[in-house]
1. Can you find, within the range 10-31, the residue that is least open to solvent (accessible area, probe 1.4 Å) among those that are under 17 Å from the mean Cα position of the chain (by Cα) and not aliphatic (A, V, I, L, M)?
2. Only residues in the range 60-78 that are near the ligand (Cβ under 6 Å from one of its atoms) count as the first member; pair them with residues that are assigned to a loop (DSSP other than H, G, I, E, B), Cβ under 8 angstrom, at least 6 apart or cross-chain, and list the lot.
3. May I ask you to verify whether Thr34 is outside any loop (DSSP other than H, G, I, E, B) and modelled with pLDDT of 95 or more?
4. Tell me, please, whether a residue that is without any contact (Cβ under 8 Å) to a residue 40 or more places away in the chain, open to solvent by 40 Å² or more (accessible area, probe 1.4 Å), over 29 Å from Gly150 (Cβ atoms) and not charged (D, E, K, R) can be found in the range 32-54.
5. Here are some conditions: (1) in contact (Cβ under 8 Å) with a residue 24 or more places away in the chain; (2) over 13 Å from the mean Cα position of the chain (by Cα); (3) more than 15 Å from Thr39 (Cβ to Cβ). Ile117 meets all but one. Which one does it not meet?
6. Are any residues in the range 107-122 loosely packed, with under 15 Cβ neighbours inside 10 Å and polar (S, T, N, Q), and if so, which ones?
7. Looking at (1) on the phi < 0 side of the Ramachandran plot; (2) at pLDDT 95 or above, find the lone condition where Gly58 falls short.
8. Looking only at the range 25-48, how many residues end up being farther than 13 Å from Leu63 by Cβ and among the aromatic types (Phe, Trp, Tyr)?
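The values are calculated or read from the model by the stated rules, or taken from the named source; none is laboratory data. Only a predicted model underlies this, so the values are computations on that prediction, with no experimental measurement involved. Every residue, glycine among them, receives a Cβ derived from its backbone with ideal geometry; neighbour counts consider all protein chains shown. These area figures cover heavy atoms from the full protein model, side chains too; ligands, DNA and RNA do not enter into them. Shrake-Rupley method; radii C 1.70, N 1.55, O 1.52, S 1.80 Å.
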Amino acid sequence: MGHKRLTKNDAPKNITDHEHVLNENDFIVSKTDTKGIITYGNRIFVEISGYSKEEIIGANHNLIRHPFMPRIAFKLAWDLIQQKKEFFGFVKNLSKDGGYYWVFAYITPDLDTKGSIIGYTSVRRKPSTHAVEEITGIYKLLNDAENRGGMKASEKLLNEYLEDNKTTYEKFVHELQMGAIA
Ligand SMILES: Cc1cc2nc3c(=O)[nH]c(=O)nc-3n(C[C@H](O)[C@H](O)[C@H](O)COP(=O)(O)O)c2cc1C
């Protein structure tokens, strides 16, 4: 009753290299309201986060935002889901112990019968090792761009990268997870 809503400001400051690895068959599921406040998390989501169910339900989803993640990734996600589209992406998440875990995430809007967005659902699986290696390099470049010129710069870099590789974000992400991009 009446406890504080946790946000990224309450996240651990002692970031470590301790990786929590998902099992091949795990699905991590969470749901939010329209603002990104967590309304549901399955058992694996709660476990890997390191928080108690009481702490994490009602928290802002950015509680598990890892500082390594470029801001552009979340902008892309929110821009799509607010337009009732799906988002796929690779996300490094922060656990309460300061460790991390990588996921291949899918986010989709929840609609009522009139088609209005009433919240969002995310399902995540273990990403391929190859995808994590590739995306780590790309996120580093996007972070550098953001440090120099903000999200405008990282957005430009991402678009140039996709153009150079004659692909789209969605195609790129799927091929990466399927292992089609060497
Ligand atoms: C259903 C859903 C699931 C989300 N899952 C994650 C997640 O696993 N990790 C994460 O960092 N952000 C996730 N987000 C995005 C967060 O809402 C937020 O945009 C992000 O953590 C960046 O927060 P910030 O802009 O306050 O730094 C999710 C959003 C929604 C709607």
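1. Looking at residues that are under 17 Å from the mean Cα position of the chain (by Cα) and not aliphatic (A, V, I, L, M), I get Ser30.
2. His61/Gly36; Asn62/Thr7; Asn62/Gly36; Ile64/Ala11; Ile64/Ser95; Arg65/Ala11
3. no
4. Quick first cut of the range 32-54, residues without any contact (Cβ under 8 Å) to a residue 40 or more places away in the chain only: 35, 37-38, 40-47, 52-53.
Among the residues that remain, those that are also open to solvent by 40 Å² or more (accessible area, probe 1.4 Å) are: 35, 40, 43, 47, 52-53.
Then keep just the ones that are over 29 Å from Gly150 (Cβ atoms); that gives 40, 43, 47, 52-53.
Subsequent filtering for residues that are not charged (D, E, K, R) retains 40, 52.
Yes.
5. Every listed condition holds for Ile117 apart from (3).
6. Thr113, Ser116
7. Checking Gly58 against (1) on the phi < 0 side of the Ramachandran plot; (2) at pLDDT 95 or above, the one that fails is (1).
8. Number satisfying all stated conditions: 2.
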